1. Could you say whether any residue in region 23-35 is in contact with a strand residue (DSSP E or B) (Cβ under 7 Å, 6 or more places away or on another chain) and closer than 24 Å to Val257 by Cβ?
2. Which condition breaks for Ile24 when tested against (1) open to solvent by 70 Å² or more (accessible area, probe 1.4 Å); (2) part of a helix (DSSP H, G or I)?
3. Looking at region 185-236, which of its residues are among the aliphatic types (A, V, I, L, M) and either open to solvent by 50 Å² or more (accessible area, probe 1.4 Å) or farther than 30 Å from Lys291 by Cβ (or both)?
4. Six or more apart or on different chains, Cβ under 8 Å: which pairs go from a residue in region 188-216 that's touching a residue at least 60 places away in the same chain (Cβ under 8 Å) to one that's among the polar types (S, T, N, Q)? Could you list them?
5. Can you find, within region 29-70, the residue that is nearest to Lys136 (Cα to Cα) among those that are part of a loop (DSSP other than H, G, I, E, B) and modelled with pLDDT under 85?
6. Please verify whether region 244-255 includes one or more residues that are touching a Ser or Thr at 6+ places or on another chain (Cβ under 7 Å), over 26 Å from Phe101 (Cβ atoms) and among the hydrophobic types (A, V, I, L, M, F, W, C).
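The values are calculated or read from the model by the stated rules, or taken from the named source; none is laboratory data. For clarity, every value in this text was computed on a predicted model and none was experimentally measured. Please note: Cβ atoms are built from the backbone with ideal geometry, for glycine as well, and neighbour counts cover all protein chains shown. Note: areas computed on protein heavy atoms with side chains; ligands, DNA, RNA excluded. Shrake-Rupley method; radii C 1.70, N 1.55, O 1.52, S 1.80 Å.
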Amino acid sequence: MAAALDGGDISRRKKAEKILDKIISLTKKKKLICPEGDQDIEIGVSNNKKIVEKSREIQAQMSLGISLNIYVAVEHLQIQRMMKAVIEKQSEVEFLWKDIFADDPIKTIDRNDKYIVSVHIPQTQKQIDNQIAIHKSIAKDWEVLRQNARSKKINYLSTLAREFKGSAEAIAHVMANIAAKTIHKLPISEEEYMQSVDIAGTPLSWWEHYSGKQDVLTDVLAFYSSTEHEQIPFVNVGTRLLAELVSGNEVVSPGDVMDIHHMSTILPYASYVVADKRIRNRLEGRTQLMKDHPAKLLKWTDVLPLLESLDT
């Protein structure tokens, strides 16, 4: 959109302008919302400052100030909902659509603000490079898994079963490492401590809060190995996409990391998802995710006809 609006191709620019105007108009009529999500994590790491600024401007215009919670917050909230349901032996659990929004989108539209305030904290080149390095590191780890799966001819379903157990194994590994170092009076690095808090400490604190119990490691490991955990929307979508990725034929790229985060966040809730060919193939292929979710998958060329149909 940013490239089209600032580019020299008149036909492309006019189409982009029409799409932008339609989205804004339809949002004001409450027929559509196009919220600002975690796209900025990818936009911000571009070294093309002009495109970054234009992209953020377009996002603010299209969203009318409606934004999603960051993907980690959505994941954590859903896990806590399921934990509470399991502890209280509820027969069902509801994942509310409002969970993914920072504020009620209807109220945001009704405010009819004259100005849209969009705040982005400037990143230093060092911060940008660090974010790029993180995604490259994750992609590298995933590529190692993919190469290993290919060499051992591990199929998608076997990979999926293994990945669903990944969180429980990570918690057990971290706790065992901390326990061993404590017993042998070995130093625990700051990195190890922060990792233990993130991977194990946080889930343990949630379970203690909802259950009122202590010494809950066994319960937490059982939960993270359960079918209930597998059914958490964020976990289910993300794990199926990851399993497809690391058992597939395509080399893993850094962009795959945020693609999985994006889809894990919005696919269970969205009516329409615009995705490139790489993501469409994963959603419609072995994962069969599109059979389990009500979203309609669109190509970029489908967007304007859809907007025009919604405006009738």
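1. Pass one, region 23-35, residues in contact with a strand residue (DSSP E or B) (Cβ under 7 Å, 6 or more places away or on another chain): 35.
Applying the additional criterion that residues be closer than 24 Å to Val257 by Cβ yields 35.
Yes, because at least one residue in region 23-35 is in contact with a strand residue (DSSP E or B) (Cβ under 7 Å, 6 or more places away or on another chain) and closer than 24 Å to Val257 by Cβ.
2. Failing condition for Ile24: (1).
3. Those that are among the aliphatic types (A, V, I, L, M) and either open to solvent by 50 Å² or more (accessible area, probe 1.4 Å) or farther than 30 Å from Lys291 by Cβ (or both): Leu186, Ile188, Met194, Val197, Ile199, Ala200, Leu204, Val216, Leu217, Val220, Leu221, Ala222.
4. Trp206/Gln80; Tyr210/Gln80
5. Taking the candidates together, the pick is Val45.
6. Among the residues of region 244-255, at least one is touching a Ser or Thr at 6+ places or on another chain (Cβ under 7 Å), over 26 Å from Phe101 (Cβ atoms) and among the hydrophobic types (A, V, I, L, M, F, W, C), which makes the answer yes.
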